[in-house]
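Report on one structure; see the data block that follows.
The values are calculated or read from the model by the stated rules, or taken from the named source; none is laboratory data. No experiment lies behind these values; they were computed from the predicted model shown. A quick note on method: Cβ atoms are made from the backbone with ideal geometry, for glycine too, and the neighbour counts reach across all protein chains shown. For accessibility, only protein heavy atoms count, side chains too; no ligands or nucleic acids. Shrake-Rupley method; radii C 1.70, N 1.55, O 1.52, S 1.80 Å.
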Amino acid sequence: EENARGQCTAGHSCKLSSKDSLQQYMDLKVEMGSGFDVYEGKILATKNINKSHDVQEKKEDCIQQSTPCPFFDSLEVVGPQNSDNNKEEEESTNGGMLSRIQISILGSNKPPRIIHILETRFMQNQPNLVQLAKARLHLFKTVCLPTVLGQAAWGKFLWVMRTDPALDDEIKHDLVQLLNDTGALVRRDDDGNHHAMTYVIGSNTNYIVANSTVLGSGARPFDIVSMLSDALANPQSIFSGDATSMQLLLEDITSTNRRENDVYLWTRLDADDGLSDWYMDYIQKQTIRFFFPDKYDAPLKKELPEDDDSDDKDDKEKTFVKNTYVPPQWTYWCTGYNIDWFLTDPIQKPDHKKGEVYPVAHEKTCVTPGVTVALRGSFDPLSVPRLDHDTIISYLRPQGGDICGRSGVSVLEPADDDDDDKPKINEEKDDGSCFHMIKSRIGIGTLRSRTPTSAGMMGIVPDKNQIGTTKKQPKIIPFMWHIVHKQFHIREEDLEETNLYFFEKVYDIAEENARGQCTAGHSCKLSSKDSLQQYMDLKVEMGSGFDVYEGKILATKNINKSHDVQEKKEDCIQQSTPCPFFDSLEVVGPQNSDNNKEEEESTNGGMLSRIQISILGSNKPPRIIHILETRFMQNQPNLVQLAKARLHLFKTVCLPTVLGQAAWGKFLWVMRTDPALDDEIKHDLVQLLNDTGALVRRDDDGNHHAMTYVIGSNTNYIVANSTVLGSGARPFDIVSMLSDALANPQSIFSGDATSMQLLLEDITSTNRRENDVYLWTRLDADDGLSDWYMDYIQKQTIRFFFPDKYDAPLKKELPEDDDSDDKDDKEKTFVKNTYVPPQWTYWCTGYNIDWFLTDPIQKPDHKKGEVYP
């Protein structure tokens, strides 16, 4: 309706066909307000038809409308359907809590359930170490949180974070606020009710613990009833989460005829580690496999070969015995293939600003993240052995299944490739013990961050095996980065920010970590304190006027770190004990790329260091300055509903594609909107850009530079022939664009006018401007660019405008005839290639994707819309 009102305003399409299509929506809206309902452009006989009923029944009630509705089918939204593993209607549970953590209904009147707890520890017994807490909060935000929220099983487990009851108030606030802002605290069900997904509990008691942990009075590991009761006995310890929901969950669990049939899963994840997005779901499915085998997707083999070496025999030679499988009372899981993420010095390793990753593969040792214990509700939790991560396998495997009450093995019937009804099995082998290792055939399970926040200070540099593996198999590094971003959902820019934060704060962090050693519940190794002491000693030296590089004290603090590293090494005084991690605190600008060998000329405000993609060799070097122009609600300032809809599209489609550009930071994004844009919309737009880090970018000196400007102006600078230009408008003129904005500073809704002025002054320097090339790319607020696009355009600009600087040289000679491809080289006539670069040129794309909206009720399998080429 608002879009119809906005037709034929300045700068917008004014086609009668468009207004006719929009009018259809408005007519149908009137009909719906009169008591009718609409489906596929037809008016249903009554508004009360239940849209979750069969579509065909509704069609039979329809009255054909003369003109079909061009787009939407209905307004009413219904809840999601049951999953394939949950065909029966879910039994009502108090507060609805279990509808979120009950992963399957297994068929009895009082069905067994799998109730899964993810336990994460944060700053326990260290409440006042604020610098250490801030560093760990950085790691939690960057590494741990996105991997939990990205779980395929999110909503099917309860996340319990445990921290010190006396945690610093600011840190406590920031932790809870972070969880709230990311949607981790609550989840709304299909009836609109909110349920706690995550609890932050002020307690130094943990419930998935190792043998080396000293238990507090009354602590009962692996006991969900004890965990809930302890929190409810001290409501003020529940920093986030609803005590009433917790009480209802406790009452439901303690119902004897339910509890005995349940299985409880406990998974440990420290606040600086992460899980692959399939991990929790896989553990839950494997729990069904081992504890409820008759409910698993694939049946058990009824008979097994009697001899262990029978794989070498034909079936006719084998002797088979009955597989008498008895499920366990408890069992352990951990991962065998993992990734370690290490911090780096972003100055000395400018190509590794997001840190480095190395593989971790274990056959006989578990890593801590992802260690999981499952036990039956009828089994005494205190009888489950508490095992340190490095003794789980060596203790459990030799004892077979007797220790956990199981017998037989879970060997599944193989899938028949010609039978679509049978699942394709890709399972880890069962050795009959009370332990299961998740290996490579399933995937890389966990990620550990190796930083000086570690209580044990173990492994904060890669070991020789890890370094050797990556040297022998260099392709494993990009593979691991792909996994980090795609399966762990960890963002590159967050890793860079965290790496830089540690780089700047490492000595303060290490000093507090040293103070926190040997407190209750933390590692107390002399080697750890020695390592931390090295940081503290170096911090003192730096405060005395020395600087540090690779554990060596430099002769003067004034050495320019952008100079050649070898020159610095010659000035070094060898320190007796090398610094175990970081090289220095001083931060300088990014190193030049391969196409940018010469030292960058100082530019006012540093702005051009961000949008200058190459230095091409003269004293006043030519530059490529790239502007991305996006239009939003120009000439339509008060159409609030339309603006909100477009803001949705901008947030979903446009914004992530711009922030995801490989060339992000090498172009200036200018968003142009109506000067009188509705205040709420303006606020929401600028806030969205700010929250996603689009507005500013911090350079290596700690200065902030505007990356994105929101300008209140209906004038555009990349325009078509059909566009009516305003008075004085100069398309494709960067000087005009900057000058017009600076002449009206209140039109700069976001972005720093001073930085813009400095950029203008630099550009208008004649001896620079004449050699520059300006790129103008248009992107509307509801469209997107592939992540390589801006980088590709910039590189092609070098190819065509500065061919001598391009990666590949031009051919010096070309065949004279256009049809010479049909001839041998001996038959061809060659002429000199006299290439002259253009004064201007255009680019556009030939292969694209269109995304269309859908009706999520009538097309439940297409809730995210549809795409067409």
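Kindly establish whether Met97 is at pLDDT 90 or above and either surrounded by 15 or more Cβ atoms within 10 Å (Cβ to Cβ) or not basic (Lys, Arg) (or both).
So Met97 does not fit the description; no.
Checking Lys285 against (1) of a type outside the set (A, V, I, L, M); (2) within 23 Å of Arg113 (Cα to Cα); (3) at pLDDT 90 or above; (4) more than 31 Å from the chain's Cα centre (by Cα): exactly one of these is not met. Which one?
Among (1) of a type outside the set (A, V, I, L, M); (2) within 23 Å of Arg113 (Cα to Cα); (3) at pLDDT 90 or above; (4) more than 31 Å from the chain's Cα centre (by Cα), Lys285 violates only (4).
Would you please list the contacts, defined by Cβ atoms under 8 Å and residues six or more apart or on different chains, that run from a residue in region 776-793 that is in a loop (DSSP other than H, G, I, E, B) to a residue that is charged (D, E, K, R) and open to solvent by less than 70 Å² (accessible area, probe 1.4 Å)?
Every condition considered, the pairs that remain are Leu779/Glu629; Asp780/Arg631; Ala781/Arg631; Ala781/Arg646; Asp782/Arg646.
Regarding Asp230, is this residue free of Cβ contacts under 8 Å to residues at least 60 places away in the same chain, of a type outside the set (A, V, I, L, M) and in contact with a Ser or Thr (Cβ under 9 Å, 6 or more places away or on another chain)?
Details: free of Cβ contacts under 8 Å to residues at least 60 places away in the same chain: yes; of a type outside the set (A, V, I, L, M): yes; in contact with a Ser or Thr (Cβ under 9 Å, 6 or more places away or on another chain): yes.
So Asp230 fits the description; yes.
Which residues, taken from region 794-820, are touching a His at 6+ places or on another chain (Cβ under 7 Å) and free of Cβ contacts under 8 Å to residues at least 12 places away in the same chain?
Step one: filter region 794-820 for residues touching a His at 6+ places or on another chain (Cβ under 7 Å), giving 794.
Those that are touching a His at 6+ places or on another chain (Cβ under 7 Å) and free of Cβ contacts under 8 Å to residues at least 12 places away in the same chain: none in region 794-820.
Under the condition of being charged (D, E, K, R) and modelled with pLDDT under 95, which residue from region 839-861 is nearest to Lys811 (Cα to Cα)?
Taking region 839-861 and keeping what is charged (D, E, K, R), we get 850, 855, 859, 861.
From what's left, modelled with pLDDT under 95: 855, 859, 861.
Numbers: Asp855: 55, Lys859: 55, Asp861: 53 Å.
Applying the filter and picking the extreme gives Asp861.
Tell me, yes or no, whether region 766-773 has at least one residue that is in contact with a strand residue (DSSP E or B) (Cβ under 8 Å, 6 or more places away or on another chain) and open to solvent by less than 50 Å² (accessible area, probe 1.4 Å). Full working, then the answer.
Filtering region 766-773 for residues in contact with a strand residue (DSSP E or B) (Cβ under 8 Å, 6 or more places away or on another chain) gives 772-773.
Next cut, open to solvent by less than 50 Å² (accessible area, probe 1.4 Å) only: 772-773.
Yes, region 766-773 contains a residue that is in contact with a strand residue (DSSP E or B) (Cβ under 8 Å, 6 or more places away or on another chain) and open to solvent by less than 50 Å² (accessible area, probe 1.4 Å).
Which condition does His173 not pass, out of (1) closer than 16 Å to Phe122 by Cβ; (2) open to solvent by less than 30 Å² (accessible area, probe 1.4 Å), if it passes all the others?
Of the numbered conditions (1) closer than 16 Å to Phe122 by Cβ; (2) open to solvent by less than 30 Å² (accessible area, probe 1.4 Å), the odd one out for His173 is (2).
Of all residues in region 839-863, which are part of a loop (DSSP other than H, G, I, E, B), within 25 Å of the chain's Cα centre (by Cα) and more than 26 Å from Arg778 (Cβ to Cβ)?
Lys863
What residue, of Val831, Val867, is open to solvent by less than 80 Å² (accessible area, probe 1.4 Å), among the β-branched types (Val, Ile, Thr), more than 21 Å from Pro622 (Cα to Cα) and not in a loop (DSSP other than H, G, I, E, B)?
Val831
Just to be sure before I move on: is Asn714 open to solvent by 40 Å² or more (accessible area, probe 1.4 Å), closer than 21 Å to Glu497 by Cβ and in contact (Cβ under 8 Å) with a residue 60 or more places away in the chain in the structure I sent?
Numbers: open to solvent by 40 Å² or more (accessible area, probe 1.4 Å): yes; closer than 21 Å to Glu497 by Cβ: no; in contact (Cβ under 8 Å) with a residue 60 or more places away in the chain: yes.
For Asn714, the condition - open to solvent by 40 Å² or more (accessible area, probe 1.4 Å), closer than 21 Å to Glu497 by Cβ and in contact (Cβ under 8 Å) with a residue 60 or more places away in the chain - is not met.
Would you please list the contacts, defined by Cβ atoms under 6 Å and residues six or more apart or on different chains, that run from a residue in region 471-487 that is touching a residue at least 24 places away in the same chain (Cβ under 8 Å) to a residue that is open to solvent by less than 40 Å² (accessible area, probe 1.4 Å) and part of a helix (DSSP H, G or I)?
Ile477/Thr470
Consider Leu688 carefully, then state whether it is among the aliphatic types (A, V, I, L, M), at pLDDT 90 or above and open to solvent by 20 Å² or more (accessible area, probe 1.4 Å). Before the answer, list the steps.
Numbers: among the aliphatic types (A, V, I, L, M): yes; at pLDDT 90 or above: yes; open to solvent by 20 Å² or more (accessible area, probe 1.4 Å): yes.
The answer is yes for Leu688.
Would you confirm whether or not region 634-643 contains a residue that is at pLDDT 90 or above and under 30 Å from Asp762 (Cα atoms)?
Checking region 634-643: at least one residue is at pLDDT 90 or above and under 30 Å from Asp762 (Cα atoms).
Which numbered condition trips up Tyr774, out of (1) at pLDDT 90 or above; (2) more than 36 Å from the chain's Cα centre (by Cα)?
The failed condition is (2).
When region 638-654 is examined, which residues are found to be open to solvent by less than 30 Å² (accessible area, probe 1.4 Å) and under 21 Å from Asp679 (Cβ atoms)? Steps first, answer last, please.
From region 638-654, those open to solvent by less than 30 Å² (accessible area, probe 1.4 Å) are 639, 642-643, 647, 650, 654; that's our starting set.
Answer for region 638-654, where residues must be open to solvent by less than 30 Å² (accessible area, probe 1.4 Å) and under 21 Å from Asp679 (Cβ atoms): Leu639, Leu642, Ala643, Leu647, Phe650.
Restricting attention to region 286-294, does a residue exist that is open to solvent by 30 Å² or more (accessible area, probe 1.4 Å), more than 16 Å from Trp159 (Cα to Cα) and among the polar types (S, T, N, Q)? Full working, then the answer.
First pass over region 286-294, keeping only residues open to solvent by 30 Å² or more (accessible area, probe 1.4 Å): 294.
Within this subset, residues satisfying the condition of being more than 16 Å from Trp159 (Cα to Cα) are 294.
Checking the rest, the ones that are also among the polar types (S, T, N, Q) come to none.
No.
To keep it simple, each residue is scored yes or no on (1) modelled with pLDDT under 85; (2) open to solvent by 70 Å² or more (accessible area, probe 1.4 Å); (3) farther than 29 Å from Met737 by Cα.
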position	(1), (2), (3)
Leu759	yes, no, no
Thr764	yes, no, no
Arg778	no, yes, no
Tyr792	no, yes, no
Gln796	no, no, no
Asp821	yes, yes, yes
Asp825	yes, yes, yes
Pro837	no, no, no
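Would you point out the residue of region 670-681, among those that are open to solvent by less than 50 Å² (accessible area, probe 1.4 Å) and either touching a strand residue (DSSP E or B) at 6+ places or on another chain (Cβ under 7 Å) or of a type outside the set (A, V, I, L, M) (or both), that is farthest from Asn744 (Cα to Cα)? Before the answer, list the steps.
Just the residues of region 670-681 that are open to solvent by less than 50 Å² (accessible area, probe 1.4 Å), to begin with: 670-674, 677-678, 681.
Subset that is either touching a strand residue (DSSP E or B) at 6+ places or on another chain (Cβ under 7 Å) or of a type outside the set (A, V, I, L, M) (or both): 670-674, 677-678.
Details: Val670: 16, Met671: 16, Arg672: 14, Thr673: 14, Asp674: 14, Leu677: 16, Asp678: 19 Å.
So the residue we want is Asp678.
Look at Asp740 and say whether it is over 25 Å from Lys644 (Cα atoms), touching a residue at least 24 places away in the same chain (Cβ under 8 Å), open to solvent by 40 Å² or more (accessible area, probe 1.4 Å) and not hydrophobic (A, V, I, L, M, F, W, C). So that I can check it myself, show each step before the final result.
On the way: over 25 Å from Lys644 (Cα atoms): yes; touching a residue at least 24 places away in the same chain (Cβ under 8 Å): yes; open to solvent by 40 Å² or more (accessible area, probe 1.4 Å): yes; not hydrophobic (A, V, I, L, M, F, W, C): yes.
Answer is yes for this residue.
Go through (1) more than 30 Å from Ile460 (Cα to Cα); (2) modelled with pLDDT of 90 or more; (3) among the charged types (D, E, K, R) one by one and return the number of the condition Asp272 breaks.
Asp272 satisfies all of (1) more than 30 Å from Ile460 (Cα to Cα); (2) modelled with pLDDT of 90 or more; (3) among the charged types (D, E, K, R) except (1).
Residues in region 324-340: is at least one farther than 20 Å from Gln286 by Cβ, of a type in the set (Ser, Thr, Tyr) and out of contact with any helix residue (DSSP H, G or I) (no Cβ under 7 Å at 6 or more places or on another chain)? Spell out the reasoning first.
Within region 324-340, the first condition is being farther than 20 Å from Gln286 by Cβ, and the residues that meet it are 324, 339-340.
Those still in the list that are of a type in the set (Ser, Thr, Tyr) too: 324.
Imposing the further condition that a residue be out of contact with any helix residue (DSSP H, G or I) (no Cβ under 7 Å at 6 or more places or on another chain) reduces the set to 324.
The answer is yes, given that some residue of region 324-340 is farther than 20 Å from Gln286 by Cβ, of a type in the set (Ser, Thr, Tyr) and out of contact with any helix residue (DSSP H, G or I) (no Cβ under 7 Å at 6 or more places or on another chain).
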